[in-house]
1. Could you please let me know if residue B:183 is modelled with pLDDT of 90 or more, within 13 Å of another protein chain (Cβ to nearest Cβ) and buried (at least 23 other Cβ atoms within 10 Å of the Cβ)?
2. Would you confirm whether or not the stretch A:271-282 contains a residue that is outside the structural domain of residue A:108 (by TED's automatic domain parsing), assigned to a helix (DSSP H, G or I) and within 18 Å of the chain's Cα centre (by Cα)?
3. So residue B:218 fits all but one of (1) under 26 Å from residue B:76 (Cα atoms); (2) assigned to a helix (DSSP H, G or I); (3) more than 11 Å from every other protein chain (Cβ to nearest Cβ); (4) modelled with pLDDT of 90 or more; what number is the exception?
4. Taking the condition of being farther than 18 Å from residue A:212 by Cβ and among the basic types (Lys, Arg), how many residues in the stretch B:130-157 meet it?
5. For a quick check of your reading of the model, give me the residue pairs whose first member lies in the stretch A:210-223 and is in the same structural domain as residue A:235 (by TED's automatic domain parsing), whose second is among the acidic types (Asp, Glu), with beta-carbon atoms closer than 8 Å and at least 6 apart or on different chains.
6. Let me confirm something: among A:201, A:214, A:222, which residue is buried (at least 24 other Cβ atoms within 10 Å of the Cβ), among the charged types (D, E, K, R) and closer than 26 Å to residue A:130 by Cβ?
Amino acid sequence: MLLRLLHRAMVFVASVLAASVLVFAFMRVLPGDPARVALGINASDEAVARLREQFGLDRPVVVQYLDWMRGLVTLDPGIEFISKAAIGPQIADRLQVTLILVVTAMVLAVLVAVPVGIWMAVRHRHLDGLVMSAVSQVGVAIPAFLAGIVLISVFAVRLRWVPSGGWVVPAQDPVGFLQRIALPSVSLAMVQAAVLARYVRSAVLDVLREDYLRTARAKGLRPVQALWRHGLRNAAVPVVTVLGLQLATLLIGAVVIERVFVIPGLGSLLLDSVAQRELLTVQTVVMVLVVATLLINFLVDALYLVIDPRLRTGSR
Amino acid sequence: MSAPAPEFDRGNARHGDDSRGRKRGMPGDRTVLAVEGLDVGTRHTPLLHDVTFSLHRGERVGLIGESGSGKSLTALAVMGLLGEGLRAGGDVRLSGRTAATRNLLDVGEREMARLRGDAMSMVFQEPMTALNPTMRVGAQVAEVMRIHGTQSTTGARRRVVELLDQVGLPDPAHLARSYPHELSGGQRQRVVLAIALANDPALLICDEPTTALDVTVQATVLDLVVRGVEERDAAMLFITHDLAVVATVCERVLVMYGGRIVEAGPVAEVFGDPRHRYTQGLIAASDLVGEGGRRGRAALPTIPGTVPAAGRFPDGCVFRSRCDHANDLCASLPPWTPRGEHPAGDRAYGFACHHPAGERPSHSTSPAGALAEGSTVEMEQHRG
């Protein structure tokens, strides 16, 4: 099992390296000189040359890549072209905000989707199960930003229960924080819960058809007990896969919701940096998102091993 | 393997405590399971009709027939494990530790769960998928004892090792800590058997327990099944389509087709001298006779046609759509014709056919001889 985990960890590191090369290459393949792009068309040639020299953009590409990688590993990716602000602390701040938002949304989604999904599976032949199934189907089709806008217009504009956007640090103003995170996290969670519930439903339905569940009943467990003791752990494997994918998409999907709710997260930073043509910042933010996604995949793989002993070959 | 012998009094000397099996309105005190007029079906499609049989303590009864004849459905109905949308009618009574005062078909799920795995248990066909892949096998065996409170947690742990040892698993203490995927099919089926026998059930239902196993493993597992039920003086209903297995394991056999029991009786009589045309075809189509009984490399005869889909069986005699002897008479339901006296009642020895295979003097000198001779005669007749 440890060997397996080590193997997965190595795959993770290799993927990060490969991704870093790709991200770096993509940014360099973009037409135009980064310094010229950052300074604009009206900048003088001297200013451009100065910036190129200052940021080492005149050096060989390989050296630039290694420089960037050193910056990433030491968690100090340097400063922005124009504002000269340090990139590292900015990303750290923004990442914290995005993580809080994404994790809250995910927890909400799981809390709703797992019981609802199980219910839909167990009652799949009954009216209530079918109705829930239909509702979740509609939920899947609603984009998060639309849900966000609707929520704002109802709860912020019409009812005035909560502000329509913005952000405060939870430690400073817990109530204000909760008020501000409620709508964005709910709008993110709604779609995720709908999707997740459908996967939970089909996973539980599959498990309900399994022979070992019949064995469990033949042993003297009532249907609910059999599902609880023998079914759910087995249903967890496909659900965890989807959960990992969802977490990754949420991280990226938060970009839009952060825009809608004016939240200073990683997504906002990315969009701002693109607008200001801060190539190094864009490159680094993208890399952070990639690493986060790969990390989630690694954790999902590790979780598989915990859940399903069949995958732990080479144990014992 | 012990020779099949239709002796129903065998267990008497061992267990004199007949009061345990006493129940209301049933012949004999040793009846463990009495199924009467069992009907199963969906809302629109009837699947089982008037299935009637009983099992005595220590008795091993085979239930044979092609796929789709209703064998497994009968077992599941007895266990109360019918799928959603299937309903059962009739009367099913079990006298295990308590007297069979209630019809199991009227008993609620909670009480049925109390009987399952305790007074009656079941071994399924597919050992590869019958165990929970995410749970150690020892825990799965222990669970059945904990559910029914027959063992404390520590007692169960000790008993698990004993049980795994009894079903012939090597190094049981170590094996109890394995997961199912680390075991072979035969080993898994032994674990399933250990689970089924853990609480000393009065009734064991085996649904093709060896069909999925290697031929080399089949005999050992069969032997364990027989030994397991013999030690417990339990009744066994053994579902299979392998007639040779029935001949070695069972004393009595029920032949099912189209959701009905079409013939029943002691194995030697039914296999040696089948009366129902379906039984006749089934035996001719099986390799029961062995190489010596067949002429050269002649192909085994087959029953013409295929088993109709559920609910598509003809009225009257269910077999008439595939039977060479069918005529207008067969449009009416053939009555049950008892063939002789049987301790388990009329329905335990007889057939339901309008044109039964001809009367012939009994060949039986020994059960095996009767089998071989009878089958050969049947085959000749079939070809002629």
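The values are calculated or read from the model by the stated rules, or taken from the named source; none is laboratory data. Worth saying up front: this structure is predicted, and the values here are computed from it rather than measured. Neighbour counts run over all protein chains shown; Cβ positions are idealised from the backbone, glycine included.
1. On the way: modelled with pLDDT of 90 or more: yes; within 13 Å of another protein chain (Cβ to nearest Cβ): yes; buried (at least 23 other Cβ atoms within 10 Å of the Cβ): no.
For residue B:183, the condition - modelled with pLDDT of 90 or more, within 13 Å of another protein chain (Cβ to nearest Cβ) and buried (at least 23 other Cβ atoms within 10 Å of the Cβ) - is not met.
2. yes
3. (4)
4. The total comes to 1.
5. Filtered contacts from the stretch A:210-223: A:211/B:126; A:219/B:143; A:220/B:118; A:222/B:109; A:223/B:109.
6. On the way: A:214 fails: buried (at least 24 other Cβ atoms within 10 Å of the Cβ); A:222 fails: buried (at least 24 other Cβ atoms within 10 Å of the Cβ).
Matching residue, one of A:201, A:214, A:222: A:201.
So that you can scan it fast, the table gives a plain yes or no per residue for (1) touching a strand residue (DSSP E or B) at 6+ places or on another chain (Cβ under 8 Å); (2) surrounded by 14 or more Cβ atoms within 10 Å (Cβ to Cβ); (3) in a loop (DSSP other than H, G, I, E, B):
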site	(1), (2), (3)
A:15	no, yes, no
A:18	no, no, no
A:46	no, no, no
A:57	no, yes, yes
A:62	no, no, no
A:69	no, yes, no
A:77	no, yes, yes
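This table checks each residue for (1) within 14 Å of chain B (Cβ to nearest Cβ); (2) outside any helix (DSSP H, G or I); (3) of a type in the set (D, E, K, R).
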{"position": "A:205", "(1), (2), (3)": "yes, no, no"}
{"position": "A:245", "(1), (2), (3)": "no, no, no"}
{"position": "A:251", "(1), (2), (3)": "no, no, no"}
{"position": "A:255", "(1), (2), (3)": "no, no, no"}
{"position": "A:258", "(1), (2), (3)": "no, no, yes"}
{"position": "A:292", "(1), (2), (3)": "no, no, no"}
{"position": "A:301", "(1), (2), (3)": "no, no, yes"}
